[in-house]
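Data first, discussion second: the structure below is written as C-alpha cells.
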Amino acid sequence: MAVLEKAAGNETLLEVENLKKYFLAKKGMLSSQTAWLKAVDDVSFNINKGETLGLVGESGCGKTTIGRTILHLYEPTSGTVKFKGRKIDKHSIKTLRRHMQIIFQDPFASLNPRMTVGDIIGEPLDIHNLAKTKNERKDRILALLEMVGLNPEHANRYPHEFSGGQRQRIGIARALAVEPEFIVCDEPISALDVSIQAQVINMLEDLQQELGLTYLFIAHDLSVVKHISDRVGVMYLGKLVELSPSGKLYKNPLHPYTKALLSAIPVPDPNLSRSRKRIILEGDIPSPINPPSGCRFRTRCPHAKPICAEAEPVLKELEKDHFCACHLFDS
Amino acid sequence: MQPGKNKHDFNYILGLSITSLVLLVVLTGFFYTPYDPNKMDAALRNSPPSLLHLFGTDNFGRDILSRVMKGAGTTYIIAVSIVFVGASLGTIVGALTGYFGGWFDEAIMRLNDVLTSFPSILLALVFVSVFGPGSYNIILALGIIFVPSYARVVRSEFIVLKERDFVKNAKLMGAGNFRIMFVHILPNTGRVLIPSLLIGFNNAVLAEAGLSFLGLGVQPPQASLGRMLSEAQGYLLDSPWYAIAPGVMIILTVLGFSLISGGLANEK
C-alpha cells in the first residue's frame, strides 16, 4: 500500500486556515432585511501530499462549498487557503488552476452536451497550451481515454451517448488532462449505480497511486469514504466537528454526531444489524442562517449539557492525530 | 427525438412542405421569371388570370406572378437581414448581460424595456421618417427593434446555463470569459434560439410588408410583397387578383415558418 510512502512524504500540500464562506440570503420575499447564510464557518485543516482526505456530513453542511471555495469558484468571506505555501487568491489562482481540478457529482451536468468527448478532454490542453501540435493533442487525448478505461473511438462521440459511469470517466479524464496534483472529488460517485461506484472508486485509487495525486474526497456515504480516505473530516452545519485518521474514526468515534452517523451505516448481516444499537437523531438540521448558540449540534445531541449552549467547542487533539470539537471531553 | 418522427409532428411536416414550396418559388425568382417583372404593357392593364399570365396583370400591365416571385425574394432578403441584425446584436447583448449580471445587466435590460414599451411599428415609422425610406433603413430600423426580444431569450438561457457544472468546470480549467460564453454556453442556446429565429423571420416579413404597405419600405418600381399589396388596394374591387397573389404568398410564408418553429419547440 501507499501508506509507507505517505508516512515518508509528510509534506503539506494544502492548508486551509479559518476558512469562512457566508452567502447573502434575503429574509423573505418582500423584506429588505438580509441575513448571512454561514455555509462554511471557521474551518481549518491540512491535506498532505499524496493522501486522501474524506469530508463527510449531511446535505447542506457545507462540504461542497469548502471544495469550491478551495478552488476559488467562490471568493472566501475570510480565511486563507494555501497551496504549496502559496496563498490562493484572485491572481494566484490563474497559475494554480493547472494544479487543482475538480470532479463533479452529476456526470450529466458536468459535460458540455455540444462538444465531442475528444474536445471536452482536449479543451484544458488548448487553454493551457499543453499540446504543441495537433497530433500531440490527439495522442494525449487517446492516452487519457485509455487511462480511464475508455476506447479511442469514443473520442468522436457526444456525451449523451454514454452511461453515467462512462460520463464520470470522461470527467475524470478531463480533470487529469492538465496533470494536476490535487483533485477535489465532489461526491463523484453519489449519482452512479452501486455496481459502477466500486469501479470508479477503484479507478480513482489506481490513478492516485500511478500519478501521485492528492484528493479531497467529499461524500455523504461513510462506507465509501472509509474505503478511500486516509483521514476523514466530519462536518456539521458549516463546522468541522471531528478530524481523524480513518481507521481511528471508525473504531473509536468521539463526537456524538460522528457516532450517530456511523451507526447509520447499513451492515450486510441481518443478525448483527438487529443487535446493533442505532443512534437516531431527533429533529432536523437547524438553519445555517440562524445556527444554535454554542455548539451547533446541541439541539440534536443526546448528551447536551448547559455549557453547550454557552460556549462554542474548539477542535482539540484528544488522541494523536484525532481532533474533536465537543464539550464532553473538556477536562 | 428527431422532429417529424412521431404523429404529433404532422404540423411540422406540413410546415416544412409549405416552406419548401414557397422557397422553391422564391429561389427560382432570382434566376428566372416568366416575364420581366418591371416591364409595363398598356394593352394588358388589369387583365384577369389567364394561361399567359397565371395570376393576371396589374394596373401597369406587369405580370403579377413574375412580380410576386421577384418581390417575395426582395422581402425575404430584407427579412433575413433584419433577423441577422437583430439576432446578432441581441445575442451579444443577451450574452453579456446574462453572463455578467449585476448593475450592467440591470441598466441594459431597463433600456431594453424602454425599447419594447413602444409599439414596434411606431418606432420603425419614427426611424424611417428621420432617416428616410428605403431597404437599408428598414433593415436597420427593424433590426434594432428586434434586438430586445433576442437579448431577452439569450439572456435567460445564459443565466440558466452559467450555473451548470460544465460551465463551472470550464472556469476551473482556466477558460476565459469569452471562451466560456461563446464556446460553452452559446452552442447550448440553440434549442430556444433557432425557433425564435424562425418566428423572428415571420415577424420581419410581416413588418416589412407593413412598412412597405405604408409606402416607407421598398421604393417603386422595385417589387416587394408589401409594396404590391399597397399598390393593389386601389383596385381591390375591380381586379382582386392583384391583391390575392402577394397576400397568399405572405400567408404561406408565415404559416410555414410558424409550423416549423412550433415543431422545433416541441422537440424534446
Whole-Å distance linking the alpha carbon centroid of the stretch A:67-135 with that of the stretch A:259-331 is 35
Convex hull around the C-alpha positions of the stretch A:192-331: the volume in Å³ per residue is 147
Those helices of chain B passing the 24 Å axial Cα length cut-off and the mean Kyte-Doolittle cut-off of 1.6 (DSSP H runs only) are B:10-31
Computed Rg/Rh for the protein assembly as shown (Cα atoms; Rh = Kirkwood radius) stands at 1.14
Which residues qualify? For A:Leu37, with a placed amide H closer than 5 Å and at least 5 residues away or on another chain, they are A:Phe23, A:Leu24, A:Ala25
Between the modelled labels at A:Glu210 and B:Leu115 (7 Å from Cα along Cα→Cβ) the distance in nm is 5.2
For the stretch B:84-141, listing chymotrypsin sites (Phe, Trp or Tyr not before Pro) in a DSSP loop whose Cβ sees at most 12 other Cβ atoms within 10 Å gives none
Within the stretch A:228-313, DSSP-loop trypsin sites (Lys or Arg not before Pro) with at most 16 other C-beta atoms within 10 Å are A:Arg276, A:Lys277, A:Arg278
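Calculated FRET efficiency, A:Lys320 and B:Phe84, Cβ-Cβ r, R0 56 Å, to nearest 0.05?
0.20
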FRET efficiency (A:His91, A:Ser163; Cβ distance; R0 41 Å; to 0.05) is 0.55
Each label sits 7 Å from Cα toward the beta-carbon; between B:Val25 and B:Trp103 the label points are separated, in nm, by 5.5
To the nearest 0.05, the calculated FRET efficiency linking A:Lys305 and A:Arg274 through their beta-carbon distance, R0 being 22 Å, is 0.10
One finds the C-alpha centres of the stretch B:238-256 and the stretch B:144-178 to be spaced, in Å, by 41
Between the modelled labels at A:Glu312 and A:Phe23 (7 Å from Cα along Cα→Cβ) the distance in nm is 2.0
Over all directions, the stretch B:54-266 yields a Cα convex hull whose mean projected area in nm² is 13.5
Taking GluC sites (Glu not before Pro) in a DSSP loop with at most 16 other Cβ atoms within 10 angstrom as exposed, one finds the longest site-free stretch of chain A at A:59-281
Taking a ≥ b ≥ c as the square roots of the Cα gyration tensor eigenvalues, with a/c under 1.5 meaning rounded and otherwise prolate when a/b beats b/c or oblate if not, chain A comes out prolate
The extension gain from B:Ile244 to B:Asn38, computed as 0.36 nm times the residue separation minus the Cα-Cα distance, is 72.3 nm
Per the helix-only model, the protein assembly as shown has a calculated mean residue ellipticity at 222 nm (DSSP H runs of ≥4, -39500 (n - 2.57) each, divided over all residues, rounded to the nearest 500) of -15500 deg cm²/dmol
Filtering chain A for DSSP H helices with an axial alpha carbon extent of at least 15 Å and a Kyte-Doolittle mean of at least 0.5 returns A:117-127
Here the Cα Rg-to-2.2 N^0.38 Å ratio for the stretch A:140-275 is 1.22
Any lysines whose Cα falls less than 22 Å from that of A:Lys305, other than same-chain ones fewer than 8 residues away, would be A:Lys239, A:Lys259, A:Lys316
Note: B:173-180 gets an average of partner chain Cβ contacts (10 Å, Cβ to Cβ) equal to 4
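All of the numbers you see were taken from the coordinates with simple rules; none came from a lab. Remember, it's a predicted structure, so these values are computed and weren't measured experimentally. Heads up, the Cβs are rebuilt from the backbone with ideal geometry, glycines too, and the neighbour counts pull from every protein chain shown.
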